[in-house]
Amino acid sequence: MPADPAPRPDAPLLAAHGIESGYGKVQVLWGAELAVAERASVVLLGPNGAGKTTLLKVLLGLMPAWRGGITFAGTDITAWPSDRRVRAGMAYMSEMGVFTALSIEENLAIGGQFAQPAALRRRLEVLYAAFPDLAARRTAAAGSLSGGQRKMLGIAKALAGSPRLLVMDEPSAGLSPLFVGQVIAILRQFHRDGLALLIAEQNVKFLDLADHVITLEGGRTGFSGSVAALMEDDRLHRAYFGL
Ligand code: ATP
């Protein structure tokens with residue numbers, strides 16, 4: 001295997017250019033562009049079927065990019081398998097993130113499987129401090145948790161490997177407003193400590209967390225800018241806030 005070219009120190013943490021992808025012969029992404037700066041938090045906003053999940057999967061290496069390129073920390077990772085991306089510091093939290101037959105602690109250990117044992121033990125204590133509901137039930141099966149707690153476990157599991165970037169697909173899905181508030185508070189805490197976030201959402205509540213917003217419509221990224229700039233755009237304001 002040829003050596004990877006030297007990383008570019010000034011590059012964003014994650015950058016994707018001209019991403020095209022889809023399912024079989026059905027093209028879903030048509031040249032998506034995206035960048036997440038180091039320690040930034042980016043919300044990817046788009047309606048149902050826009051291609052948000054597809055784009056996140058391509059970024060994580062769970063689906064191939066038909067065209068385009070992806071860099072992480074300045075290194076071209078377009079051809080890397082998913083596990084190599086995770087080892088490099090990317091984590092993915094999807095709907096199906098938790099193993100219900102395994103205990104909370106076993107789920108967290110799977111999330112941190114690439115960490116050294118001592119580092120993983122320290123990390124679990126950080127996570128238990130941040131997620132007291134999980135700390136109280138370490139040996140309980142994940143399947144015994146409520147939907148909201150399971151989502152929390154999914155987030156904790158994704159954080160167990162101490163990623164530099166957490167990529168999340170609709171963390172608000174199926175959550176009560178109370179849990180949405182808790183999820184946002186936890187993410188804010190880790191973000192303050194340096195974790196970069198890329199969150200695909202339809203729930204505009206998550207814009208509270210965003211340093212930057214990117215819209216995806218019909219497989220194409222459009223607007224890219226601050227939340228304030230999004231609010232000032234009449235069409236986007238109507239589309240996402242319904243006013
Ligand atoms: P949602 O919020 O509804 O999940 P999304 O923005 O995440 O929307 P995707 O799930 O990426 O959108 O779907 C984009 C398009 O790809 C949709 O038209 C969808 O029907 C199609 N699609 C998604 N998964 C598959 C699949 N496994 N096979 C074929 N088409 C798919």
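Annotations for the structure displayed:
- Some residue of segment 203-222 being in contact with an Asp or Glu (Cβ under 8 Å, 6 or more places away or on another chain) and surrounded by fewer than 17 Cβ atoms within 10 Å (Cβ to Cβ): no
- Scanning segment 69-80 for residues that are in the same structural domain as LEU209 (by TED's automatic domain parsing), closer than 30 Å to ALA239 by Cα and out of contact with any His (no Cβ under 7 Å at 6 or more places or on another chain) turns up at least one hit.
- Unmet criterion (only one of (1) of a type in the set (A, V, I, L, M); (2) within 16 Å of the ligand (Cβ to nearest atom); (3) in a strand (DSSP E or B)) for ALA91: (2)
- Test result for LEU165, at pLDDT 95 or above, closer than 21 Å to ALA40 by Cα, among the aliphatic types (A, V, I, L, M) and surrounded by 18 or more Cβ atoms within 10 Å (Cβ to Cβ): yes
- Complete set of residues in segment 112-127 that are crowded, with 18+ Cβ neighbours inside 10 Å and of a type outside the set (Gly, Ala, Ser): LEU120, ARG123, LEU124, LEU127
- The conditions of being under 22 Å from GLN202 (Cβ atoms), assigned to a loop (DSSP other than H, G, I, E, B) and aliphatic (A, V, I, L, M) are not met by LEU44.
- Failed condition for ALA136, given (1) surrounded by fewer than 18 Cβ atoms within 10 Å (Cβ to Cβ); (2) farther than 30 Å from GLU38 by Cβ; (3) in contact with a helix residue (DSSP H, G or I) (Cβ under 8 Å, 6 or more places away or on another chain): (3)
- Close Cβ contacts (under 6 Å, 6 or more residues apart or on different chains) running from residues in segment 133-151 that are over 13 Å from ASN107 (Cβ atoms) to residues that are surrounded by 16 or more Cβ atoms within 10 Å (Cβ to Cβ) and of a type outside the set (S, T, N, Q) comprise ALA135/TYR128; GLY148/LEU175; GLY148/PHE179.
- Looking across segment 47-73, the residues that are more than 15 Å from the ligand (Cβ to nearest atom) and either within 17 Å of the chain's Cα centre (by Cα) or within 21 Å of VAL204 (Cβ to Cβ) (or both) come down to GLY61, ILE70, THR71, PHE72, ALA73.
- Among (1) within 18 Å of PRO171 (Cβ to Cβ); (2) buried (at least 21 other Cβ atoms within 10 Å of the Cβ), the one test that ILE104 misses: (1)
- With respect to the stated conditions, ASP133 fails to be acidic (Asp, Glu), away from the ligand (no atom under 16 Å from the Cβ) and assigned by TED's automatic domain parsing to the domain that holds TYR240.
- The sole residue among ASP10, ASP83, ASP76 that is charged (D, E, K, R), modelled with pLDDT of 95 or more and either within 17 Å of the chain's Cα centre (by Cα) or on the phi < 0 side of the Ramachandran plot (or both) is ASP76.
- Restricting GLY68, GLY22, GLY31, GLY18 to residues that are farther than 26 Å from TYR240 by Cα and part of a strand (DSSP E or B) narrows the list to GLY68.
The values are calculated or read from the model by the stated rules, or taken from the named source; none is laboratory data. Bear in mind that the values here come from a model prediction, so they are computed numbers and not experimental data. Note that each Cβ is placed from the backbone with ideal geometry, even for glycine, and that neighbours are counted across all protein chains shown.
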